[in-house]
Amino acid sequence: MPLHDFRCRECDKTFERLVRSDTRVSCPACGSEQVDKLLSAPQPPGRSKSIIAAGRAAAAREGHFSNYSAAERAKIK
């Protein structure tokens, strides 16, 4: 189920809900069903050094070295 942001037309409160396409959403503050779905900016995948290092370590434990450069593979073996 996707997470969506909503804004209530009655009390102007903004909130998030996990919803299916057939779910009726109501405001948690006032209970009104007069809500608008808000557009959210897409979040890019994390590319921090720690995430990359953890992924490489997991791949190395499984015997996959394809995401390492030749110089990095030489240091590991």
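The values are calculated or read from the model by the stated rules, or taken from the named source; none is laboratory data. Quantities reported herein were computed from a predicted structural model and do not represent experimental measurements. Neighbour counts are summed over all protein chains in view; Cβ atoms, including those assigned to glycine, are modelled from backbone coordinates with ideal geometry.
Looking across segment 20-68, the residues that are among the aliphatic types (A, V, I, L, M), free of Cβ contacts under 8 Å to residues at least 24 places away in the same chain, surrounded by 11 or more Cβ atoms within 10 Å (Cβ to Cβ) and not in a loop (DSSP other than H, G, I, E, B) come down to 51, 52, 54, 59, 60.
Within segment 1-15, the residues that satisfy the criterion of being surrounded by 11 or more Cβ atoms within 10 Å (Cβ to Cβ) and either among the polar types (S, T, N, Q) or modelled with pLDDT of 90 or more (or both) are 5, 6, 7, 8, 9, 10, 11, 13, 14, 15. Residues in segment 40-77 that are under 26 Å from the mean Cα position of the chain (by Cα), at pLDDT below 75 and of a type in the set (Lys, Arg): 47 only. Residues in segment 8-19 that are out of contact with any Ser or Thr (no Cβ under 8 Å at 6 or more places or on another chain) and in a loop (DSSP other than H, G, I, E, B): 12, 13, 19.
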